[in-house]
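Colleague: Shown below is the structure under consideration.
The values are calculated or read from the model by the stated rules, or taken from the named source; none is laboratory data. Not measured: the values here are computed from a predicted model. Because the Cβ atoms are built from the backbone with ideal geometry, glycine has one as well, and the counts that use them run over all protein chains shown. Areas reflect the complete protein model, heavy atoms only, side chains present, ligands, DNA and RNA absent. Shrake-Rupley method; radii C 1.70, N 1.55, O 1.52, S 1.80 Å.
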Amino acid sequence: MTAVYKEDQEDWLTVCLKYLLFVFNFLFWMGGAAVLGVGIWTVVEKSDYLSLLASSTFAVSAYILILAGSLVVVTGFLGCCAVIREQRSCLSTYFFFLLLIFLIELVAGVLAYVYYQRLSEELKQHLNQTMTENYAQPGKEMITSAVDRLQQDFKCCGSNNYEDWLQSVYVLSTQAENRVVPDSCCKTVTLLCGRRNHPSNIYKVEGGCITKLEQFLADHLLIIGAVGIGVACLQICGMVFTCCLYRRIKTDPY
């Protein structure tokens, strides 16, 4: 009687673990979709700004999230198969993939946090140089487009203020046609509107584009870090459930 009760109890625990793992897989897929979405959104939506950064850490963090999110789709399917078939080999493989994705997302979160700490200093050192030396220069079309979009999107002019453009390669060249700032500094962009630097014509935001871009990137890095570390913590639960179920399944069924 006691042996039968104990066996029933063990079966009940196994069933509970299977349902818990199913629930986790659902949450895992949702988290994976969030990770994939954040990664793609970061790379695609604001990819122009990546060319203005001195290092590739920001882009790498986003690409890592895309990789992790893609692996989640495969791993979630594998997890369902492992639970249904109750095979130790499947559970072992599932656990390995969970651990791998956990480490990948943790790396993305840590990279985002580290880059967040030195973001301000990097922008102060490199953004003004990138804008004034590369704008409208041969072979620098991507940077030119990024600067134009940056100034229009954030309604700013110059890295610190509009006076940064006075010593730029572009403004000092004949190509500028007597412009004192690029046309993208204008509140209403028209051909040669950059000849006038009056506040009624151009953006004169305190702190310039550095402040705007820094806030934008900082917000994105916080999202990348939070999503990466958040989903990684969720996976710890999945690994615990997997280990428990693995121990309850004594041998692989034939």
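Colleague: So how many residues does segment 197-225 have that are over 30 Å from ALA112 (Cβ atoms) and either open to solvent by less than 50 Å² (accessible area, probe 1.4 Å) or under 28 Å from the mean Cα position of the chain (by Cα) (or both)? Please lay out each step first, then the result.
Modeller: The first filter runs over segment 197-225 and keeps only residues over 30 Å from ALA112 (Cβ atoms), leaving 197-202, 204.
Now restrict to residues that are either open to solvent by less than 50 Å² (accessible area, probe 1.4 Å) or under 28 Å from the mean Cα position of the chain (by Cα) (or both): 201-202.
Adding up the residues that qualify gives 2.
Colleague: Determine whether GLY194 is crowded, with 16+ Cβ neighbours inside 10 Å and in contact with a Pro (Cβ under 9 Å, 6 or more places away or on another chain).
Modeller: Criteria met by GLY194.
Colleague: Among the listed residues GLN129, GLN175, identify the single one that is open to solvent by 70 Å² or more (accessible area, probe 1.4 Å) and modelled with pLDDT under 90. Let's see the steps before the verdict.
Modeller: Details: GLN175 fails: modelled with pLDDT under 90.
Residue meeting the stated conditions: GLN129.
Colleague: List, please: which pairs have Cβ atoms under 8 Å, are six or more places apart or on different chains, and start with a residue in segment 149-174 that is at negative phi and in a helix (DSSP H, G or I) and end with one that is open to solvent by 70 Å² or more (accessible area, probe 1.4 Å) and modelled with pLDDT of 90 or more?
Modeller: Note: pairs meeting the criteria are GLN152/VAL189.
Colleague: So how many residues does segment 134-148 have that are assigned to a helix (DSSP H, G or I) and either on the phi > 0 side of the Ramachandran plot or touching a helix residue (DSSP H, G or I) at 6+ places or on another chain (Cβ under 7 Å) (or both)?
Modeller: Initially, segment 134-148 is screened for residues assigned to a helix (DSSP H, G or I), giving 134, 141-148.
Right, trim to either on the phi > 0 side of the Ramachandran plot or touching a helix residue (DSSP H, G or I) at 6+ places or on another chain (Cβ under 7 Å) (or both) and you get 134, 143, 145-148.
The qualifying residues number 6.
Colleague: Run ALA82 past the list (1) loosely packed, with under 14 Cβ neighbours inside 10 Å; (2) modelled with pLDDT under 75; (3) assigned to a helix (DSSP H, G or I); (4) of a type in the set (Gly, Ala, Ser) and report the number of the one that doesn't hold.
Modeller: For ALA82, the exception is condition (1).
Colleague: Can you find even one residue in segment 99-117 that is more than 30 Å from ARG248 (Cβ to Cβ), in a helix (DSSP H, G or I), polar (S, T, N, Q) and open to solvent by 60 Å² or more (accessible area, probe 1.4 Å)?
Modeller: First, pick out the residues of segment 99-117 that are more than 30 Å from ARG248 (Cβ to Cβ): 107-117.
Now narrow it down to the ones that are in a helix (DSSP H, G or I): 107-117.
Within this subset, residues satisfying the condition of being polar (S, T, N, Q) are 117.
Subsequent filtering for residues that are open to solvent by 60 Å² or more (accessible area, probe 1.4 Å) retains 117.
So far as segment 99-117 goes, yes, one or more of its residues are more than 30 Å from ARG248 (Cβ to Cβ), in a helix (DSSP H, G or I), polar (S, T, N, Q) and open to solvent by 60 Å² or more (accessible area, probe 1.4 Å).
Colleague: Right, another one. VAL23: under 13 Å from the mean Cα position of the chain (by Cα), surrounded by fewer than 22 Cβ atoms within 10 Å (Cβ to Cβ) and either over 23 Å from GLU141 (Cβ atoms) or of a type in the set (Val, Ile, Thr) (or both), yes or no? Steps first, answer last, please.
Modeller: Working: under 13 Å from the mean Cα position of the chain (by Cα): no; surrounded by fewer than 22 Cβ atoms within 10 Å (Cβ to Cβ): yes; either over 23 Å from GLU141 (Cβ atoms) or of a type in the set (Val, Ile, Thr) (or both): yes.
So VAL23 fails the test.
Colleague: Let me ask you something else. Out of segment 26-70, which residues are within 30 Å of ARG85 (Cβ to Cβ), open to solvent by 10 Å² or more (accessible area, probe 1.4 Å), over 16 Å from the mean Cα position of the chain (by Cα) and in contact (Cβ under 8 Å) with a residue 24 or more places away in the chain?
Modeller: Result: LEU27, TRP29.
Colleague: Now, a different point. I'm trying to understand the selection: among the residues of segment 132-168, which are more than 16 Å from GLU206 (Cα to Cα), among the hydrophobic types (A, V, I, L, M, F, W, C) and buried (at least 16 other Cβ atoms within 10 Å of the Cβ)? First the steps, then the outcome.
Modeller: Looking only at segment 132-168, we keep the residues that are more than 16 Å from GLU206 (Cα to Cα), and these are 132-149, 166-168.
After this cut, where a residue has to be among the hydrophobic types (A, V, I, L, M, F, W, C) as well, the list is 136, 142-143, 146-147, 166.
If the condition is that a residue be more than 16 Å from GLU206 (Cα to Cα), among the hydrophobic types (A, V, I, L, M, F, W, C) and buried (at least 16 other Cβ atoms within 10 Å of the Cβ), then ALA136, ILE143, ALA146, VAL147 are the ones that fit.
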